[in-house]
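Trainee: Attaching a single structure in structure tokens format; questions to follow.
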Amino acid sequence: MRKILVVNSKGGCGKTTVATNLAVAFAARGDHVALADADRQKSSLAWAKRRSKKLAKIEALNWTKIDSIGVKDKDLDAIVIDGPGGLRSELTKKLIAEASDIVVPVLASMFDWKATLKFLDDISEIKRIRKGKADIHVIANRINRSSTQVADLEQALSKKGYPVLCRISDRVLYARHAADGSGVFDVNDASAHEVRGQWRPLLQAVDA
Ligand SMILES: Nc1ncnc2c1ncn2[C@@H]1O[C@H](COP(=O)(O)OP(=O)(O)OP(=O)(O)O)[C@@H](O)[C@H]1O
Ligand SMILES: [Mg+2]
């Protein structure tokens with residue numbers, strides 16, 4: 001079973017958006033998937049409550065307390081975890097200790113990538129990551145045509161050894177899906193087609 005932790009100490013970078021859409025991507029292809037919310041704001045749990053029973057099933061788990069981490073369901077193909085904000089908490093350390101993949105969304109603004117670089121350096125010190133037992137995937141989020149800083153972001157990160165795996169566009173449809181308890185992989189129309197393609201490198205990486 002893959003345990004995919006979406007995390008960054010920087011708030012508002014798209015952790016919940018990425019976690020919910022990843023869970024939908026797995027569910028839509030028929031995987032048995034759980035979405036675990038480890039953030040005190042419980043945004044992913046709120047999202048799951050709004051999800052229609054007609055859509056592909058995603059099991060929602062409340063992992064906001066350290067004792068609640070864990071699943072009895074051995075048949076799960078994947079757990080996507082909406083991570084907590086801070087790196088220092090025991091909860092975050094435990095989640096990192098168990099993750100097979102760590103997905104780090106980052107926005108194309110200097111404040112965000114500076115903070116994210118520090119976060120990436122901090123987690124790279126963790127033994128499990130040093131030993132290569134968990135893969136780190138950095139994804140640039142909320143990119144639009146006027147994001148002149150994307151090239152700077154990619155350069156700054158790859159220089160430090162963290163290449164940006166994919167670019168996710170800034171699209172109002174993400175906010176719409178968020179409010180509906182859905183994701184871009186729940187629909188198959190033309191507008192979703194283009195944005196879904198942007199997730200492919202990440203989906204391939206976590207499948208590898
Ligand atoms: N690719 C995107 N396109 C448009 N809006 C986006 C995109 N990604 C995220 N957003 C919006 O940006 C805001 C922050 O995203 P999100 O809640 O996923 O971040 P977060 O890292 O989980 O925040 P927090 O640190 O508060 O938990 C939300 O309003 C969300 O709808
Ligand atoms: Mg969130």
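Trainee: Please go through the stretch 27-38 and give me each residue that is surrounded by fewer than 23 Cβ atoms within 10 Å (Cβ to Cβ) and either without any contact (Cβ under 8 Å) to a residue 40 or more places away in the chain or in contact with a Phe, Trp or Tyr (Cβ under 9 Å, 6 or more places away or on another chain) (or both), ordered by number.
Mentor: 28, 29, 30, 32
Trainee: Answer yes if at least one residue in the stretch 136-155 is among the β-branched types (Val, Ile, Thr), without any contact (Cβ under 8 Å) to a residue 40 or more places away in the chain, buried (at least 16 other Cβ atoms within 10 Å of the Cβ) and away from ligand 1 (no atom under 13 Å from the Cβ), and no otherwise.
Mentor: Yes, some residue in the stretch 136-155 is among the β-branched types (Val, Ile, Thr), without any contact (Cβ under 8 Å) to a residue 40 or more places away in the chain, buried (at least 16 other Cβ atoms within 10 Å of the Cβ) and away from ligand 1 (no atom under 13 Å from the Cβ).
Trainee: Looking at (1) farther than 26 Å from residue 131 by Cβ; (2) more than 13 Å from ligand 2 (Cβ to nearest atom); (3) modelled with pLDDT of 90 or more; (4) among the hydrophobic types (A, V, I, L, M, F, W, C), which is the only condition residue 106 fails?
Mentor: So residue 106 meets the others, but not (1).
Trainee: Residue under question is residue 158, and the condition is that it be in a helix (DSSP H, G or I), surrounded by fewer than 21 Cβ atoms within 10 Å (Cβ to Cβ) and hydroxyl-bearing (Ser, Thr, Tyr); does it hold?
Mentor: Yes.
Trainee: Hey, could you check the stretch 120-135 for residues that are of a type in the set (Asp, Glu) and either in contact (Cβ under 8 Å) with a residue 24 or more places away in the chain or touching an Asp or Glu at 6+ places or on another chain (Cβ under 7 Å) (or both) and say which is surrounded by the most Cβ atoms within 10 Å (Cβ to Cβ)?
Mentor: 135
Trainee: Taking only pairs six or more apart or across chains, which ones have beta-carbon atoms under 6 Å, a first residue in the stretch 1-26 that is assigned to a helix (DSSP H, G or I), and a second residue that is aromatic (Phe, Trp, Tyr)?
Mentor: That search, which allows pairs on different chains as well, returns 17/174; 20/47; 24/185; 25/185.
The values are calculated or read from the model by the stated rules, or taken from the named source; none is laboratory data. Note that the coordinates shown come from a computational prediction; the quantities given were computed from them, not determined experimentally. No Cβ is skipped: glycine too gets one built from the backbone with ideal geometry, and neighbour counts run over all protein chains shown.
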